[in-house]
Amino acid sequence: MDKAQLVVSPHLTQGLGLTLMIGCGLVFLVLAYVIKTKLVRNTHDFIISNRRIGLGFGVGAIVSVWTWAMAVMMSSAMTFQWGLSGLFWFVVPNGFAIMAVVPLAKVLRRRMPAGYTISQFIFNRFEQSRVASGVVTVTMIFGILLEILINLKGTAVVMSTVFTIDWRLATLLTVAVVLAYSYFGGLWTSVMTGTINTWMITVPSAIVVVAVLGLIDGGATAVFDKVAAADPSKLSVFNTDAAAGFGVTLAFGLLAATVADQTFWQKVWAIRPSQVGRSFLWAGVLFYPIPICFGVLGLVGLAYGLTPADVGGDIVAVGPYIISHIGLPLVLIVAYVLAILAACYSTIDGASSALSSIVAVDIVKRYAPKTSESRLFYITKLSMLLGGIIAAVIVLSGADFTSLVLTTYALKTSVLMPLILAILWPRTNTLGFVGGIVLSILIGMTLRAEYGELVGTLSIVAISAAVVVAAGLASRRSFDMGDLGVKQAVNLEG
Amino acid sequence: MSMLFILFLALGALATILFVAGYVRGTRAALASYADDTVEVDDSGDVKTYWWSIALAVLGAALAIGLAGVHPLFIYAGPLMVLVTAAGIGLAFFLDDPAKARP
């Protein structure tokens, strides 16, 4: 196994890459049009699917929105960088983060059966506090923008690595394609196309990875022996460097990414009540194999002795590099690209759909409650386009979006514990909720700048929880969770 | 094409058949019930029933990754399990009967 054997496969033309991107979008556009005609009557259907999503679509949709294009490539990249311990710390918290929603989702769905958004819950929970709900709304919007940005970047990496398509063109095309089909059917489109995307991510990836191993003399055994010979610690999951390097921080970040994300809460209220818990449990279980499968490509990269410079400097490209250079037949390279595109499209349309629910419920209905149903419907749909356009402009401008990543990280991590306590602990109050978020950001981000990400993350989580608990114990008031279901009901059913 | 590759193609085809059959069933159910405004009840049991499943899932994933470093055969566990994901989603459509959930 010599990396000199790796040469770029022929026939990977830009035309083929563009055809895949557009073709995929056209198929979904037709499906979205049918969905719009048959399943969407009003804003309520558009953003919450009349709460009729069953177990199959629920699981498929959750897996698809959680499988980011970047995550698919990161599982290979983390294995490439840290060995199996990198894969372990990347994968294990990832699936757990989905399943961690189960208890919160079941509790909240029972107490507030007609909800739409997590900001709406906070609004009702904290005596219509616009500060508390505003913080959560801003957190959700930042998170959604970041989801779209990162997936756009992931697609640009793949299309430029495999087909040498200009990354700006890939970005523009992705936004245009996804928003075109998402615009029609809202959440129903997102879950039905997302479920198809889950198939596109799973079955082809299994066949592609086995084909990659088949092209190596000695198959998996040769890969195993080569990695063991070069650095046996890369075959162990007990390398603590990976945990300290990114694992622990990632684990909290991933928890915040599901628990403090409207993309998932929208599904909590859209899935039929008896299937909510099962959907998140099954999604967590069935998600696990996806990054484990793609992680094999990282081992192959290690076995070939590739360096970051060989794959263009960014280790995220190690998966696409192996696929396009190991000598796979064109059809399997196309299958891999479609898997990445599917991961990207499904996450962006899921995020756009979540954004539409926030705009409808937490902005328009809250600040302009007399808005007519027909106008609300159009504003809701247009908000999806606006979110995509803003994300595309940020990516295309070449701006360093580190500040957006940092802001979103701070907001999401600081909201995590106060949100969990607001759902589970009746003594959580407005002062503790808002104070916990503000203080943890102020102190935690300062500590993060001084002592690094691990200390910063642990500080934010600990301070936010401590402030909420202290404020709750200091007050004798206890919130009656029974009030959630009837307070300030929002009617979007037209 | 190696025997292993052919085996994975066959398993992939089986997973796809189950997935498509489930998807069609789920779509029919969605079309039949989308305008149904019946309020359903949550009969899925207490949250305590989920903890064991969650713990087993986390343990299983950790084990699958760890074993890939013990014997090369386990490197194929990821591709094999990902086919179970596709088949599992197909199966999920069959385990959910909206008619039973109505009070």
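The values are calculated or read from the model by the stated rules, or taken from the named source; none is laboratory data. All of these numbers come straight from a predicted model, not from anything done at the bench. In this analysis, Cβ positions are derived from the backbone assuming ideal geometry, glycine residues included, and neighbour counts consider all displayed protein chains. Ligands, DNA and RNA are stripped out before the accessible areas are found, and what is left, the full protein with its side chains, is counted by its heavy atoms. Shrake-Rupley method; radii C 1.70, N 1.55, O 1.52, S 1.80 Å.
A few remarks follow.
- Taking segment B:20-52 as the range and being hydroxyl-bearing (Ser, Thr, Tyr), within 22 Å of B:Gly88 (Cα to Cα) and touching a helix residue (DSSP H, G or I) at 6+ places or on another chain (Cβ under 6 Å) as the test, the residues that pass are B:Ser44, B:Tyr50.
- Residue satisfying all of: in segment A:70-103; open to solvent by 10 Å² or more (accessible area, probe 1.4 Å) and over 30 Å from A:Val212 (Cα atoms); farthest from the other protein chains (Cβ to nearest Cβ) among these: A:Ala100
- Qualifying positions in segment A:114-139 - open to solvent by 10 Å² or more (accessible area, probe 1.4 Å), more than 16 Å from A:Gln262 (Cα to Cα) and either within 14 Å of another protein chain (Cβ to nearest Cβ) or part of a loop (DSSP other than H, G, I, E, B) (or both): A:Glu127, A:Gln128, A:Ser129
- Residue match in segment A:472-491 (condition: modelled with pLDDT of 85 or more, open to solvent by 20 Å² or more (accessible area, probe 1.4 Å) and in a helix (DSSP H, G or I)): yes
- Checklist (1) open to solvent by less than 10 Å² (accessible area, probe 1.4 Å); (2) under 23 Å from the mean Cα position of the chain (by Cα) applied to A:Ile35, failing item: (2)
- For segment A:377-397, taking the residues that are of a type in the set (S, T, N, Q) and open to solvent by 10 Å² or more (accessible area, probe 1.4 Å), the one that is modelled with the lowest pLDDT is identified as A:Ser397.
- One residue stands out in segment A:45-69 among those that are under 17 Å from the mean Cα position of the chain (by Cα) and aliphatic (A, V, I, L, M): the one that is nearest to the other protein chains (Cβ to nearest Cβ), namely A:Val59.
- Looking across segment A:210-227 at every residue that is free of Cβ contacts under 8 Å to residues at least 12 places away in the same chain and β-branched (Val, Ile, Thr), the one that is least open to solvent (accessible area, probe 1.4 Å) is identified as A:Val210.
- A:Phe28 being of a type in the set (Phe, Trp, Tyr) and either open to solvent by 20 Å² or more (accessible area, probe 1.4 Å) or modelled with pLDDT of 90 or more (or both): no
- Flag if A:Ala211 is within 11 Å of chain B (Cβ to nearest Cβ), in contact with a Phe, Trp or Tyr (Cβ under 8 Å, 6 or more places away or on another chain) and more than 21 Å from A:Trp66 (Cα to Cα): yes
- Within segment A:279-311, tally of residues that are part of a helix (DSSP H, G or I), open to solvent by 10 Å² or more (accessible area, probe 1.4 Å) and either of a type in the set (S, T, N, Q) or more than 7 Å from chain B (Cβ to nearest Cβ) (or both): 5
- Within the set B:Val41, B:Val20, B:Val82, the sole residue that is under 25 Å from A:Ile98 (Cβ atoms) and over 15 Å from the mean Cα position of the chain (by Cα) turns out to be B:Val41.
Per-residue answers, yes or no, for (1) at the interface with chain A (Cβ under 8 Å from one of its Cβ atoms); (2) closer than 22 Å to A:Trp188 by Cα; (3) modelled with pLDDT of 95 or more:
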| position | (1), (2), (3) |
| --- | --- |
| B:Val39 | yes, yes, no |
| B:Lys48 | no, no, no |
| B:Leu83 | yes, no, yes |
| B:Gly88 | yes, yes, yes |
| B:Asp96 | yes, yes, no |
| B:Ala99 | no, yes, no |
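- Qualifying residue in segment B:56-68 (condition: part of a loop (DSSP other than H, G, I, E, B), touching a helix residue (DSSP H, G or I) at 6+ places or on another chain (Cβ under 8 Å) and either facing chain A (nearest Cβ under 7 Å) or surrounded by 13 or more Cβ atoms within 10 Å (Cβ to Cβ) (or both)): yes
- Residue in segment A:256-278 that is out of contact with any strand residue (DSSP E or B) (no Cβ under 7 Å at 6 or more places or on another chain), crowded, with 24+ Cβ neighbours inside 10 Å, small (Gly, Ala, Ser) and within 12 Å of chain B (Cβ to nearest Cβ) present: yes
- Segment A:160-209, subset open to solvent by 40 Å² or more (accessible area, probe 1.4 Å) and assigned to a loop (DSSP other than H, G, I, E, B), residue modelled with the highest pLDDT: A:Asp166
- Of all residues in segment A:327-342, one or more are open to solvent by 20 Å² or more (accessible area, probe 1.4 Å) and in a loop (DSSP other than H, G, I, E, B).
- Restricted to helices (runs of 4 or more DSSP H) entirely inside segment A:370-455, those with at least 3 residues that are under 30 Å from A:Arg476 (Cα atoms) are A:402-424, A:430-451.
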